[in-house]
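Following: one structure in structure tokens, then a few remarks.
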Amino acid sequence: MSSATISVLDNPSDADRRAILTPLDAFNTARAGNENYEPIAVVLRDETGDIVGGLWAQLYFDWAFIELLFVPESLRGADFGSKLIREAEEIIKAKGAVGIWLDTFSFQAPGFYERQGYERFGTLENYPRGMKRFFYRKIF
């Protein structure tokens, strides 16, 4: 290919995303090896067995990314967040990962992650406006 045009999509579709993602994945795999993507979920269930919170992580390229962590307000302060993190860390360590990274906002729980031994490695100011987005990691 020696020529191309640029256009803006008003309502991009999943197929449009895949058209970008598929060759990017191939490029990354050719240079960094197979990412070996694996989802990890540790959940909180209520008395009826329904999932009411939990942790969702993605393991790839020998690192885990904690995408979601939620504990309902009625269960906060009872150590469920710490237990979810510890359980996920044990699973992730057993899989031979280098470490874990995550992000959180200033209005969420940065202090919680610091108490769990996570180190801040980045801050994005004004995201959302007037607040901050923090990036944390824990290396095993």
Check: For segment 7-48, what are the residues that are free of Cβ contacts under 8 Å to residues at least 24 places away in the same chain, in contact with a strand residue (DSSP E or B) (Cβ under 8 Å, 6 or more places away or on another chain) and under 21 Å from Phe65 (Cα atoms)?
Finding: Tyr37, Pro39, Ala41, Val43
Next item on the list: Would you mind stating whether Lys95 is surrounded by 14 or more Cβ atoms within 10 Å (Cβ to Cβ), over 16 Å from the mean Cα position of the chain (by Cα) and under 19 Å from Arg137 (Cα atoms)?
Entry: no
Next item on the list: Please work out which one of (1) surrounded by fewer than 17 Cβ atoms within 10 Å (Cβ to Cβ); (2) part of a strand (DSSP E or B) is the condition Gly111 fails and give its number.
Entry: (2)
Check: In the list Arg120, Arg129, which residue meets the criterion of being without any contact (Cβ under 8 Å) to a residue 24 or more places away in the chain, touching a helix residue (DSSP H, G or I) at 6+ places or on another chain (Cβ under 8 Å) and of a type outside the set (A, V, I, L, M, F, W, C)?
Finding: Arg120
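To keep it simple, each residue is scored yes or no on (1) farther than 30 Å from Ala109 by Cα; (2) modelled with pLDDT of 95 or more; (3) among the basic types (Lys, Arg).
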site	(1), (2), (3)
Thr5	yes, yes, no
Pro12	yes, yes, no
Pro23	yes, yes, no
Thr29	yes, no, no
Gly54	no, yes, no
Ala57	no, yes, no
Glu73	no, yes, no
Ala78	no, yes, no
Next item on the list: Please give the number of the condition Thr48 fails out of (1) of a type in the set (S, T, N, Q); (2) under 20 Å from Phe80 (Cα atoms); (3) surrounded by 11 or more Cβ atoms within 10 Å (Cβ to Cβ).
Entry: (3)
Next item on the list: Identify, by number, the condition in (1) modelled with pLDDT under 95; (2) more than 30 Å from Lys138 (Cα to Cα) that Arg18 doesn't meet.
Entry: (1)
Margin query: For the structure I just gave you, tell me whether Leu75 is within 27 Å of Lys132 (Cα to Cα) and of a type in the set (A, V, I, L, M, F, W, C).
Written below: yes
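The values are calculated or read from the model by the stated rules, or taken from the named source; none is laboratory data. What you are looking at is a predicted structure, and each value in this text was computed from that prediction instead of being measured. Note: ideal-geometry Cβ built from the backbone for every residue, glycine included; neighbour counts use all protein chains shown.
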